[in-house]
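What follows is one structure encoded as structure tokens, with my remarks underneath.
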Amino acid sequence: MHSLVFQLDGRMLAGQMKRVSGGVGRNIADALGRFGHDVCFLTAVGDDSDGRSIIKSLEHINTDKISVVGDQSTSWCVVFQNRQGDCMACIGDMECHKRITIDMIKENIDALYKSPLVVIDGNVCPETMEFVIGFCNEENIPVYFETTDIAVASQPFHSNMWKGLSFMSPNLKELQEISKKLTAEVPVNYAIKVSINGGDEFDTRDRIMNSSKDIVCKLISHIPVIMVTLGDKGLLLASRQSDDTVSLVHYPSQKIETPVSVSGAGDCLCAGYISGVLQGKSQDECVALGLRAATSALLSHRPVPIELNVN
């Protein structure tokens, strides 16, 4: 058990800092581009060194749709990690994301028309998110929602827009936060088929699966695939089946004794899974690609895998 204690009395706290281009949307776009997919990234950055660094880091994908705004600094986030590389807290300025407006999306609507799948993260403002989800539903384009952070994970659940999602990937804490917004939603009494793919921490795994069933059954009527990320415990993937049952599968992660950093590993997991979906691979193959990408990120100083092409 590790604890993090800040003594806020003005003293200098020892630490190390590394500066990288990151962010959930950027990391997923970056990883999908490295996997060989044709990616169009819609976002907003400031006309500053951070914005230019982000664009430069994405030279392998289409950045023509990135809006550079002159009166707003690029969003930033300071991630506090312990010696094991786990994220303990974050401080950030996400104001620039408010420039991802409905008008901006309308100006780039052709990019959505051409997309086989649209990924949206929790930093996008609710109005823009609702417009994108509604448009994609009308055009039968699946939408993948990456919950991003416990503070914004429940954003689509303040209205019924969440019912238009096709995929989502919260961690366990984010799932519990989402459940608070669904108190009026009645869970459907699905027959649940549980499958275990290895792993030896039975008590922990069973406790997680049992605690997740009720909220999953509330969500799964509308969101066909829900991937609950569990850190070093792997992931839990729930999917609605054609026979009106729910498949609940636990996939353990590869044990890594000394990860460099967990920052970006979850984004790479999502990108690997999405890559498999776009290639028409089976669920097991999609998850394997995601876990492989996450492992690569854990062993790298970069937030995305450096040399990993799944094609």
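Consider residue 119 carefully, then state whether it is touching a residue at least 40 places away in the same chain (Cβ under 8 Å) and of a type in the set (Val, Ile, Thr).
yes
Which residues, taken from the range 114-145, are outside any helix (DSSP H, G or I), surrounded by fewer than 20 Cβ atoms within 10 Å (Cβ to Cβ) and of a type in the set (S, T, N, Q)?
115, 140 - these are the residues of the range 114-145 that are outside any helix (DSSP H, G or I), surrounded by fewer than 20 Cβ atoms within 10 Å (Cβ to Cβ) and of a type in the set (S, T, N, Q).
Which one is nearest to the chain's Cα centre (by Cα) among residues in the range 207-228 that are of a type in the set (S, T, N, Q) and within 15 Å of residue 172 (Cα to Cα)?
So, considering only residues that are of a type in the set (S, T, N, Q) and within 15 Å of residue 172 (Cα to Cα), the one nearest to the chain's Cα centre (by Cα) is 212.
Residues that are surrounded by fewer than 14 Cβ atoms within 10 Å (Cβ to Cβ), over 17 Å from residue 25 (Cα atoms) and charged (D, E, K, R): does the range 146-166 have at least one? Can you show your working first?
Restricting attention to the range 146-166, the residues satisfying the condition of being surrounded by fewer than 14 Cβ atoms within 10 Å (Cβ to Cβ) are 158-160.
From what is left, the residues that are over 17 Å from residue 25 (Cα atoms) are 158-160.
Next cut, charged (D, E, K, R) only: none.
The answer is no, given that none of the residues of the range 146-166 is surrounded by fewer than 14 Cβ atoms within 10 Å (Cβ to Cβ), over 17 Å from residue 25 (Cα atoms) and charged (D, E, K, R).
Grab the helices (runs of 4 or more DSSP H) fully contained in the range 1-108, keeping just those with 1 or more residues being exposed (fewer than 15 other Cβ atoms within 10 Å of the Cβ). If you could, list the steps in order and put the result at the bottom.
Working: elements: 24-34, 49-56, 102-107.
Output list reads 49-56, 102-107.
For the range 128-160, give me each residue that is in contact with a helix residue (DSSP H, G or I) (Cβ under 8 Å, 6 or more places away or on another chain), among the acidic types (Asp, Glu) and farther than 17 Å from residue 225 by Cα.
130, 139, 149, listed by residue number.
Would you mind stating whether residue 304 is under 16 Å from the mean Cα position of the chain (by Cα), open to solvent by less than 20 Å² (accessible area, probe 1.4 Å) and at pLDDT below 80?
Spelling it out, residue 304 is indeed under 16 Å from the mean Cα position of the chain (by Cα), open to solvent by less than 20 Å² (accessible area, probe 1.4 Å) and at pLDDT below 80.
Can you tell me which residue in the range 198-215 is modelled with the lowest pLDDT, limited to those that are within 20 Å of residue 283 (Cα to Cα) and out of contact with any helix residue (DSSP H, G or I) (no Cβ under 8 Å at 6 or more places or on another chain)?
198
The values are calculated or read from the model by the stated rules, or taken from the named source; none is laboratory data. Note that this is a predicted model, so its numbers are computed, not measured. Cβ sites come from the backbone with ideal geometry, for glycine too, and all protein chains shown count toward neighbours. The protein model used for the area step is the full one, side chains on, heavy atoms only, and it has no ligands, DNA or RNA in it. Shrake-Rupley method; radii C 1.70, N 1.55, O 1.52, S 1.80 Å.
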